[in-house]
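Trainee: Sharing a structure here in structure tokens format.
Derivation of every value follows stated rules applied to the coordinates shown; laboratory data play no part. What you see is a predicted model, and the numbers here were worked out from it, not measured in a lab. Note: ideal-geometry Cβ built from the backbone for every residue, glycine included; neighbour counts use all protein chains shown.
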Amino acid sequence: MRAGAALGSVVLGMCCASVLADLPCSRIVEDRSPQDLGGDIVVWQHYGPNDIYGYDLSTSTTLTICTAAGEQTMPATDGSLVVWSDQRSGNNQIYGYDLASEQEFLVCAGPTVYYPAVSGDVVVWADHRNAQGNDGNYDVYGYNIVTDEEFPVCTASGAQLHSAISGNIVVWQDPRNGDDDIYGYDIDTDQEFPICTATERQLFPAISGNIVVWQDMRDGTADIYAYDLSTKTEFAVCALPGSVQGRPDVSGHIIVWEDHRNGGVFDDLYGYDLLTDTEFAICTDPAGQGSPFAGGTTIVWDDGRDGSPNDIHAATIPEPATGDANYDACVDGLDYVIWSSNYKTGTTWGQGDFTGDAHVDGLDYIVWSNNYLQGCPGTPGAVPEPATLALLAVGAVVLIRRSAR
């Protein structure tokens, strides 16, 4: 649901082995479960009474967003606005709150609207207005805050649910073909388009920039798939046979999800970095984790390690050092071996492309050599040992020979 920078083409992933231990994390809010993360803002529904609260990660402060009469549920945020389902009038309505101006506003008067999402000036939600009785026919509607205009996104038959938005693109799960599929809508062009109509069910889409992710049942168990809108390419993010992965989220180049590969009673959390083509463990504590949300390189989730009720924990993904191909926070000879093995054939960071031009070549060797030992144990900037100088010399010879071919 988070808005993010558009990405170019991405490399297919099938759940490679994790290269990181659990990320260092901390408990930020006690006895609560996150329901969305946008930028630095985490939001949740406070049970009994049902009100909306938030937490600003940049200032470590709790935010009181709405404590009106009736129930407030299902909050979502893009970091600037918070939206939620509100029953203060007796019917389900959609309200919003501007974090900068601290002003609340009505989005849709209902009477039966749920699951709002927001990006920039546009709010979208599931709407029951066209239903015949209790037939379960939900459509997707939107509202432009600046122009004060409401508009239909999708009014196809069946229940269009779990809508998400990033910029001008809205996505949702859609049962019009029998099983749930993933569809999209471009607000600027007023065009609807299919994203995934594979066999079995595709559920719980999320979007950031050009990347759409969802939970996919095509192989019999839940996997994580994605689609790049810029290249019109679908790819598997994590498809472990016989293991369940679900409830994904995406922000920029980071995808996160719940994962049951390790067995046990509870889920763990894993992630995938599209820029480095690397999967990583977020948290595998045996007490169980769920509901992960990504905001840039920050991840928040519901964590049970301190007993019931669960708490909100957060972690930040360390950015890899320039030249660190294997993502172990140390630019060393192992990264040189990766670069050398993929010279002239690799296209990703994990294959030695440190310049981001989709080519593993001599420029990447120069980047690696200039950053040798960055992040490694020892004194930064120390004069290289003889073995280091020898490795750099070997690399230079290899580069000269290959360039001469």
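Trainee: What's the extension gain from Thr67 to Asn91 if we count 0.36 nm per residue and subtract their Cα-Cα distance?
Mentor: So the chain would gain 7.0 nm between Thr67 and Asn91.
Trainee: Mind checking the angle between helix 386-404 and the chain's longest principal axis? C-alpha axes, 0 to 90 degrees, to the nearest 10.
Mentor: With both axes taken from Cα atoms, the answer is about 80 degrees.
Trainee: Using +1 on the beta carbon of Lys and Arg, -1 on that of Asp and Glu, and nothing else charged, what's the dipole of segment 202-338 about the Cα centre, debye to 20?
Mentor: 400
Trainee: Separate question: Of Asn177, Pro24, Gln72, which is farthest towards the positive pole of the chain's charge dipole, taken about the Cα centre with +1 and -1 on the beta-carbons of Lys, Arg and Asp, Glu respectively?
Mentor: Farthest along the dipole direction, towards plus: Pro24.
Trainee: While we're looking at this one, here's another question. Along the Cα→Cβ direction, 7 angstrom out, place labels at Thr322 and Thr297. What is the inter-label distance in nm?
Mentor: Between Thr322 and Thr297, the simple spin-label model gives 1.4 nm.
Trainee: Using bins 20 angstrom wide from zero, how does P(r) for the chain break down, in % of all Cα pairs?
Mentor: 26, 53, 19, 3
Trainee: Which one, Phe266, Val113, Val146, projects farthest toward the positive side of the charge dipole computed for the chain from Cβ point charges (K/R +1, D/E -1)?
Mentor: With unit charges placed on the Cβ atoms, the residue in question is Phe266.
Trainee: Which of these, Ala117, Ala100, Ala294, has the largest mean-square fluctuation under a Gaussian network model of the chain (Cα springs below 10 Å)?
Mentor: For the chain, modelled as a Gaussian network with Cα springs under 10 Å, the answer is Ala100.
Trainee: If the only charges are +1 at each Lys and Arg Cβ and -1 at each Asp and Glu Cβ, what is the size of the charge dipole of the chain around the Cα centre, to the nearest 20 debye?
Mentor: Rounded to the nearest 20 debye, it is 960 debye.
Trainee: Please find, in a Gaussian network model of the chain (springs between Cα atoms separated by less than 10 Å), the residue of Leu37, Leu81, Leu106 whose mean-square fluctuation is greatest.
Mentor: Leu106
Trainee: Taking only Cα atoms and a 10 Å spring cutoff, compute GNM fluctuations for the chain and point out the largest among Thr67, Thr77, Thr147.
Mentor: So, out of Thr67, Thr77, Thr147, the one fluctuating most is Thr147.
Trainee: Please list, in order, the residues from segment 227-263 whose amide nitrogen is less than 18 Å from a point placed 7 Å along the Cα→Cβ vector of Thr221.
Mentor: Under cut-off, by backbone N: 236-248, 257-263.
Trainee: Find how many whole Å separate the alpha carbon centroid of segment 67-109 from the alpha carbon centroid of segment 234-269.
Mentor: So the separation of the two Cα centres works out to 30 Å.
Trainee: Using a basic spin-label model with each label point 7 Å from the Cα along Cα→Cβ, how many nm lie between Lys344 and Val244?
Mentor: In this crude label model, Lys344 to Val244 measures out at 4.9 nm.
Trainee: Still on this model: Using just the helices of the chain, give the 222 nm mean residue ellipticity in deg cm²/dmol: DSSP H runs with n ≥ 4 each add -39,500 (n - 2.57), and the total is spread over all residues, rounded to 500.
Mentor: So the calculated ellipticity at 222 nm is -3000 deg cm²/dmol.
Trainee: Then there is this: If each of Leu334 and Gln103 carries a label point 7 Å out from its Cα toward its Cβ, how far apart are those two points in nm?
Mentor: 5.4
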